[in-house]
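Notes follow once the structure below has been shown.
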Amino acid sequence: MAKTIQAIRGMNDCSPTESPLWQWVETQVRDVLSSYGYSEVRMPIVESTPLFARAIGEVTDVVSKEMYTFWDNDEQLTLRPEGTAGCVRAAIEHGWIYNNEQRLWYMGPMFRHERPQKGRYRQFHQAGVEVFGIANPEIDAELIILTARLWKKLGIDQHVSLQLNSIGSLEARANYRSALVAFLEKHQALMSEEEKERLIKNPLRILDTKNQALQKVLDNAPKLLDYLDEESREHFAQLCDLLDSVGINYEINPKLVRGLDYYNKTVFEWVTTALGAQGTVCGGGRYDGLVEQLGGHAAPGVGFAMGLERLVLLVQEINASIPLKNAVDIYLVYHGEGTALRAFQLAEKIRSALPQLGTMLHCSGGNFKKQFRRADKSGATLALVIGESEMLNHQVVVKHLQGGEQQTLDIEQVIDYIQSQF
Ligand code: HAM
């Protein structure tokens, strides 16, 4: 036998038994977004590399070590590691931002060359939202409220919690950065080589270190919230008031800074303890400088993205009552001269009259015993049987595969009968 070829590490197939759950989760996401009046956009999976370097930041983990980048003749291209940069690029390119404010969403695969483990993959899927043109905190609140509604619909609301922070203006962050570096320089003995490098390149990321000794020291480090500019402070206070007014619980986490450079003011993450180390199911925040930074006229932006693999895992672990539909409801078996034609005609008639049902034709021959085995395996509710005598008498035998009983119907009665059974 020839040697088989396997999928790339960290890139998963979705099997026919897994796809109904994925479809159900995606439908809940789409339904919630459309109930808030948001519109779908679709962007290419490949973009020019400098887009990500400029938007996400050269020194972030994503850009400095996780991107799938290649040359296409003399142009450097990258498989998108996230959706915000491409969405802002498209919004500038097509003038989406300036016609009026926009509330947009997208869903699709993203690529990061990370070390694969449960909940962390090299190809993963995000559902993301980006809102352009609204500067006030009401929209930050709407995004958080919208996600909270989704968690309820998915049945996971008791297992996720909201972490909130404000990282202020660029200037406030620069002031804070100096204070943090001055503090951390005294504790370099506790740091790994990687953390020492971060201290120079991206010191705010040290705040979410897993190094326990350093974590302890960080309890006494300067707090970002103390360095906030007045406008960011006011924005954050209003956001907290709005969330309080609708009963959304949150924890203010002064160490939450997020791993991408474009944020300012609000940042947030929804986290769970039910998935082990990869506990962040959704993250986002405000990025008021990004549109201008990528060459557009200045316009505020805010958004988030959720990891669909993590949501599917969480739903699997927690919500046992998902109404998943079997792909096949009716299975047609037939045997004997001329029966195939009759079965094809009947199947098409059922599909026209009852398009919500899955009607499967056997197609692969064999005796009735073999065909019934397949029908049982399909999980269908009803088998419709056409043999030579049914052919001649314009009849169909209807068999309840779960209960076993069967009856013979005139072919004209079949549609009404099926309808009465679902
Ligand atoms: P992010 O935090 O990098 O933000 O990713 C958002 C979510 O994608 C994470 O919370 C996680 O659930 C999921 N995710 C990220 N990496 C992986 C991975 N390797 N495997 C599985 N899931 C993963 C962003 O991407 C921003 N663009 C969010 C945003 C939109 N901010 C503003 N607008």
**OP:** Starting from the Cα of Lys216, draw a straight line to each of the lysines and keep only those under 21 Å, dropping any in the same chain fewer than 8 residues away.
**Re:** Lys186, Lys196, Lys255
Original post:
How high is the FRET efficiency from Tyr68 to Leu409, r the C-beta distance, R0 56 Å, rounded to 0.05?
Top reply: 0.45
Subject >> Dimensions in Å of the stretch 2-130 - Rg and Dmax from alpha carbons >> reply: 16.6, 58
**OP:** Quick one: accessible surface of Phe344, probe radius 1.4 Å, all protein chains present, in square angstrom to the nearest 10.
**Re:** 100 Å²
Original post:
Roughly how much of Asp72 is accessible, in Å² to the nearest 10, using a 1.4 Å probe?
Top reply: 70 Å²
Original post:
Roughly speaking, what is the stretch gain from Lys3 to Leu354, that is 0.36 nm per residue apart minus the C-alpha to C-alpha distance, in nm to one decimal?
Top reply: 121.9 nm
Original post:
Applying 1/(1 + (r/R0)^6) with R0 = 30 Å to the Cβ-Cβ distance of Asn393 and Ser15, what FRET efficiency is obtained, to the nearest 0.05?
Top reply: 0.10
Original post:
Considering only Thr209, Trp105, Ala141, whose Cα is most displaced toward the positive end of the charge dipole of the chain, charges sitting on Cβ of Lys, Arg (+1) and Asp, Glu (-1)?
Top reply: Thr209
Original post:
Between Ser161 and Asp208, what is the spin-label point distance in nm, taking each point 7 Å from the Cα along the Cα→C-beta axis?
Top reply: 1.7 nm
Original post:
Cα extents of the chain along the three principal axes, largest first, in whole Å?
Top reply: 91, 56, 44
Subject >> Two-site FRET efficiency, Glu230 against Phe422, from Cβ-Cβ distance with R₀ of 51 Å, rounded to 0.05 >> reply: 0.25
Original post:
What residue among Ala174, Ala148, Ala55 has the largest mean-square fluctuation in a Gaussian network model of the chain, using Cα springs under 10 Å?
Top reply: Ala174
Original post:
What's the angle, to the nearest 10 degrees (0 to 90), between helix 84-94's Cα axis and the longest principal axis of the chain?
Top reply: 80 degrees
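The values are calculated or read from the model by the stated rules, or taken from the named source; none is laboratory data. Small disclaimer: the values here were computed from a predicted structure and weren't measured. Neighbour counts run over all protein chains shown; Cβ positions are idealised from the backbone, glycine included. Areas reflect the complete protein model, heavy atoms only, side chains present, ligands, DNA and RNA absent. Shrake-Rupley method; radii C 1.70, N 1.55, O 1.52, S 1.80 Å.
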